[in-house]
Amino acid sequence: MRLYIAEKPSLARAIAAVLPKPQQKQNGYIQLANGDCVTWCIGHLLEQAEPEHYDSRFKQWRFEHLPILPEQWQWKAKSKTASQLKVIKSLIKQANSLVHAGDPDREGQLLVDLVIDHCKAKVALKQQCQRVLLSDLNPAAVSRALTQLKSNQEFSALSTSALARSRADWLYGINLTRAYTLKGQQQGYSGVLSVGRVQTPILGLVVRRDQEIAEFVSRPYFQVEAKLQTEQGEMFSAMWQPSDACEAYQDEEGRVLSRPLAEHVAKRITQQSAEVSALKQQDKQQAPPLPYNLSSLQIDAAKRFGYSAKQVLDICQALYERHTLITYPRSDSRYLPKQHHADAPKVLAAIQSNSQELAKAVSEADASKRSKAWNDAKVDAHHAIIPTEKHYAVAKLGEAERRVYELIARQYIVQFYPHYLYAHTEAKIIIQDGLFKATANQIKQLGWKTLFPQKKSSEESEKTLPPLAKGQPLQCLEGIVLDKHTQPPKAFTDATLLAAMTGIARFVQDKELKAVLKETDGLGTEATRAGIIELLFKRGFLLRHAKQIHASDSGKALVNALPTMCTWPDMTAHWETQLNAISQKNQSYQGFMQGMQGQLNQLVEQSASVNAQAFAGLAQPQTKRRFRKGKANTKSGGSAYKAKGANKAKPAPRGRKAAAS
């Protein structure tokens, strides 16, 4: 009997739908006509054992217990899904071959691997286990994937990477959350101070941005605009480019801070002759934007519709699992396999049938075009999020589902549109020995931009240059001083916080680490970012003001009390590069864990010396409800404690069950 083990019921149903019939639905599995079976996990069936499972003394939260470092790691069956785990265990005993059908990412790989190990599958059965990679739940795609099975052993490094991440997060979250919660108690704080490898640096980003805004002092600066005229009477403007001699009057970004200097320049160039000293004209082009990965989709949906990251993820899961209208949504890739290009006519036909709004765009697309999105070298376990070949009128969907589907579909359609073409002109003009510059873009072909109509301001629509030539004489009619003011940094929104998390190199302090980080290296993963942001809101560390995201007083106090290493993204960014190296077989699990535990020992030692007064700014939880015992969170990338009534709970005093968050 061949046993297919899917990560979730919807995936199991999609697999069974293309396998031999008639079929019988049994308790926890589907039996096929040929005797094979399809069963499923319900997300994580196993969770990391709690500290007290290793030693009953750890029920009490005490500094002397820290750091807690399990010698033999243990997993426990989740009580709510224990019956399904028993079903799988029974089926594995009967099976003579296994097919691993977890989601095509490192967490999905580990999730099913753990179940197979926990059920004590025979060594030979594990060695012969095969892997199916499914990113599209429509029957044709599932059937195709089932003909392309790979050895599950090819993905062992990916599973090891996920295991390292899970254990490291448990160690970090359990130990530091206990350490700082105990410090908070010394100051009379009755809640849990949750610390996580990913969530705390995210909170740090917001706290520091809020601080920058609060401390910002706007300063005036000045620009000089020259109003110019050609011999033919055509008008245009150019901006003054201060010389090195003006450096004493400029700030670090080159802005002129002296109004008398700007007024002197404006007066000096008024009613003076000018000349074009240099002219650079280039034909430029811009390729269509790549199809979405989850983060780029969440960012666009936040900008256009104000949706949170969690809302977008939930909508995508429904479009993928319930409606089968899009491919696997938790993808970190923006590229597609070359072989998928052959499916383009069918996908485009489905979009045209499904969406009245996009029907015209599809009719003008050229399915023979191949954008840079089709690139096998940049496709790993999964590819970009695109529409499937399924025909289904999206008018039947809810508004949010329709909007997100059409975002994904439009981003796919533009792959079959020509480049945006424009002519860029840059003119340098000398007026009374001063340098001025004028630039303009002239659209030659809108290309893919026809699908993204944008309203132009009157200023943009007027910004054109007349025909110019090097050495051409001009007349400066007037010099005008423009009064400007420096602006504070903008508060984070869902879109900009996600962008910060996905391009974390910009916020890393360590110059050497910044140099090795890619622009796409980020805090958390595509699958976890939305949940981690939501967790910070639930715990009362982040607050929303309209579209803006700010830190609460408790969030600020926690960040200010923690060691710098915990609140900056350097360490977790470094972890992610190492975890990726493990998945590529370029680093060992043991090497990563040893280094991590060394850092943890230092951080626990630091926590003991923190002055409890540092927590004085913490706002008390709103209620005095008792804590429930926490569960180890192995998929969040944050603290190893789940919040249960977070920021509303009271940690148990010594001698009672430990609190968890």
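Descriptive notes on the structure:
- Only a single item in (1) open to solvent by less than 20 Å² (accessible area, probe 1.4 Å); (2) on the phi < 0 side of the Ramachandran plot is not met by Gly28, and it is number (2).
- First in segment 440-452 and part of a strand (DSSP E or B), second anywhere and exposed (fewer than 15 other Cβ atoms within 10 Å of the Cβ) and of a type in the set (Val, Ile, Thr), Cβ under 8 Å, 6 or more apart: Ala440/Thr464; Gln442/Thr464
- Cβ-Cβ contacts under 7 Å between residues 6 or more apart (or on different chains), taken from a first residue in segment 551-574 that is under 10 Å from Val207 (Cα atoms) to a second residue that is acidic (Asp, Glu) and open to solvent by less than 60 Å² (accessible area, probe 1.4 Å), are listed as Ala551/Asp210.
- Restricting attention to segment 314-330, the residues that are crowded, with 21+ Cβ neighbours inside 10 Å and at pLDDT below 95 add up to 5.
- Options Ser308, Ser333: the member that is at pLDDT below 95 and either in contact with an Asp or Glu (Cβ under 6 Å, 6 or more places away or on another chain) or of a type in the set (Lys, Arg) (or both): Ser308
- For the criterion of being assigned to a helix (DSSP H, G or I) and within 29 Å of Gln185 (Cα to Cα), Gln599 passes.
- Flag for Val362 being β-branched (Val, Ile, Thr), assigned to a helix (DSSP H, G or I), at pLDDT 95 or above and open to solvent by 10 Å² or more (accessible area, probe 1.4 Å): yes
- Taken over segment 551-588, the criterion of being open to solvent by less than 50 Å² (accessible area, probe 1.4 Å), assigned to a helix (DSSP H, G or I) and of a type outside the set (A, V, I, L, M, F, W, C) is satisfied by Ser554, Gly555, Thr567, Asp570, Thr572, Glu576, Thr577, Gln578, Ser583.
- Counted residues, segment 460-512 - those being buried (at least 17 other Cβ atoms within 10 Å of the Cβ) and basic (Lys, Arg): 0
- Reported count of residues in segment 36-63, each being over 24 Å from Leu146 (Cα atoms) and touching a residue at least 40 places away in the same chain (Cβ under 8 Å), is 14.
- Restricting segment 94-128 to residues that are assigned to a loop (DSSP other than H, G, I, E, B), farther than 18 Å from Leu11 by Cα and of a type outside the set (D, E, K, R) leaves a set whose member that is most open to solvent (accessible area, probe 1.4 Å) is Gln128.
- Listed by first and then second residue, the pairs linking a residue in segment 64-87 that is over 23 Å from Ser607 (Cβ atoms) to a residue that is open to solvent by 60 Å² or more (accessible area, probe 1.4 Å) and assigned to a helix (DSSP H, G or I), with Cβ atoms under 7 Å apart and 6 or more places separating them unless they lie on different chains, are Gln74/His53; Trp75/His118; Lys76/His53.
- Residue count for segment 371-380 satisfying the condition of being open to solvent by 30 Å² or more (accessible area, probe 1.4 Å) and touching a residue at least 40 places away in the same chain (Cβ under 8 Å): 5.
- In segment 135-151, the residues that are assigned to a helix (DSSP H, G or I) and either in contact (Cβ under 8 Å) with a residue 40 or more places away in the chain or within 14 Å of Glu321 (Cα to Cα) (or both): Pro139, Ala140, Ala141, Val142, Ser143, Leu146
- The set of residues in segment 57-83 being hydrophobic (A, V, I, L, M, F, W, C) and in contact with a strand residue (DSSP E or B) (Cβ under 7 Å, 6 or more places away or on another chain) consists of Trp75, Ala77.
- Considering residues of segment 259-298 that are without any contact (Cβ under 8 Å) to a residue 40 or more places away in the chain and exposed (fewer than 15 other Cβ atoms within 10 Å of the Cβ) only, the residue nearest to Tyr221 (Cα to Cα): Pro260
- Identity of the residue in segment 156-198, over 21 Å from Met596 (Cα atoms) and β-branched (Val, Ile, Thr), that ends up nearest to the chain's Cα centre (by Cα): Val192
- Residue selected from segment 165-204 under the condition in a loop (DSSP other than H, G, I, E, B) and among the small types (Gly, Ala, Ser), by the criterion surrounded by the fewest Cβ atoms within 10 Å (Cβ to Cβ): Gly188
- Residues in segment 412-435 that are open to solvent by 20 Å² or more (accessible area, probe 1.4 Å) and β-branched (Val, Ile, Thr): 2 in all.
- Within segment 386-406, being modelled with pLDDT of 95 or more and part of a helix (DSSP H, G or I) holds for Glu399, Ala400, Glu401, Arg402, Arg403, Val404, Tyr405, Glu406.
- Residue within segment 94-103 that is within 30 Å of His382 (Cβ to Cβ), charged (D, E, K, R) and at pLDDT below 95 present: yes
- Against the list (1) at pLDDT below 90; (2) open to solvent by 30 Å² or more (accessible area, probe 1.4 Å); (3) among the basic types (Lys, Arg), the condition Arg539 fails is (2).
- Test: residue in segment 402-411 that is open to solvent by 10 Å² or more (accessible area, probe 1.4 Å) and more than 15 Å from Pro291 (Cα to Cα): yes
- Residue that is at pLDDT below 95 and more than 16 Å from Ala361 (Cα to Cα), where the choices are Ala427, Ala438, Ala423: Ala423
- Lone qualifier among Ala377, Ala409 - being out of contact with any helix residue (DSSP H, G or I) (no Cβ under 9 Å at 6 or more places or on another chain) and assigned to a helix (DSSP H, G or I): Ala377
The values are calculated or read from the model by the stated rules, or taken from the named source; none is laboratory data. Quick caveat, the model's predicted, so the values are computed rather than measured. When we count neighbours, we look across all protein chains shown, and the Cβ atoms used for this are built from the backbone with ideal geometry, even at glycine. Keep in mind that these areas ignore ligands, DNA and RNA; they rest on the heavy atoms of the full protein, side chains included. Shrake-Rupley method; radii C 1.70, N 1.55, O 1.52, S 1.80 Å.
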